[in-house]
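For reference, the structure discussed in these notes is given below.
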Amino acid sequence: QSALTQPPSASGSPGQSVTISCTGTSSDVGGYNYVSWYQQHPGKAPKLMIYEVNKRPSGVPDRFSGSKSGNTASLTVSGLQAEDEADYYCSSYAGSNNFEVFGGGTKLTVL
Amino acid sequence: QITLKESGPTLVKPTQTLTLTCTFSGFSLSTSGVGVGWIRQPPGKALEWLALIYWNDDKRYSPSLKSRLTITKDTSKNQVVLTMTNMDPVDTATYYCAHSKLLEGFDPWGQGTPVTVSS
């Protein structure tokens, strides 16, 4: 069982927006502004999409945005495109002992 | 351009020790703030963080696997090595290494290397 809780699936039509949640505790998501989101296409390595809650690495479209409220972080994908269909994982710094924890992943389907 | 590539055995027997090597280019593991982490993913399952080593040789381990893991670095060879003892079939997974800068996430990742634990 993963430390962070994500919905197993999410979906939306092209052009729509979809939000994926990531729920942790005050010891991880709620305690630090170090939440990351990764996109993983089948058979491929994960790709960093968001770091430090809401920052985008160079090259990531601004359709991807992140936010956090309390112990829950969220990834929003706006203007859905077919290539956004993938698995998405959140992760959070969890202090010097646990260090890094991942969510169980969410499969995003573009209808 | 930063690249990383994992290497190691694809098949290990139960109770054996797994040794994986991450060979990287495009950055130095002697640069302040830089680290290399290991993450695994069992078939059809979620990512699991395993270990991380920083430029200053600070090492972090997953609490649930700490007794079985050792991470080391060879700065001159641009390599990071992960060893996992007492392998079990539940350790069957694709193992990834990834570049990290402070707590800014893992970016980029290597292509991953599949490891099967079976007798």
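Each value in this text was obtained by applying a stated rule to the coordinates, not by laboratory testing. What you see is a predicted model; the values in this text were computed from it and never measured.
Taking the centroid of alpha carbons for each part, the range B:87-104 and the range A:24-82 are 19 Å apart. When the Gaussian network model of chain A links Cα atoms closer than 10 Å, the mean-square fluctuations of A:Ser21, A:Ser92, A:Ser69 top out at A:Ser69.
For chain A, modelled as a GNM whose springs connect Cα atoms under 10 angstrom apart, the maximal fluctuation among A:Val29, A:Val60, A:Val101 occurs at A:Val60. Mean residue ellipticity at 222 nm, helices only, the protein assembly as shown: 0 deg cm²/dmol; runs of at least 4 DSSP H residues each add -39,500 (n - 2.57), and the sum is divided by the number of residues.
For the residue pairs A:Lys55/B:Lys77; A:Lys107/B:Lys77; A:Lys107/B:Lys73; A:Lys44/B:Lys73, the alpha carbons lie more than 29 Å apart in A:Lys55/B:Lys77; A:Lys107/B:Lys77; A:Lys107/B:Lys73.
Could you give the semi-axes, largest first, of the ellipsoid that matches the protein assembly as shown, computed as the square roots of 5 times the alpha carbon gyration tensor eigenvalues and rounded to whole Å? If you can, show how the numbers build up before the last one.
Values: eigenvalues 160, 75, 59 Å².
Whole-Å semi-axes of the equivalent ellipsoid: 28, 19, 17.
Amide H contacts for A:Phe99 (H built 1.01 Å from N in the peptide plane; partners 5 or more residues away or on another chain; cut-off under 5 Å): A:Ala94. Across the range B:102-119, computed HN-Hα scalar couplings (Karplus, 6.51 cos²θ - 1.76 cosθ + 1.60, θ = phi - 60°) run 6, 10, 8, x, 9, 6, x, 10, x, 6, x, 10, x, 10, 10, 10, 7, 8 Hz from first to last residue, x flagging Gly and Pro.
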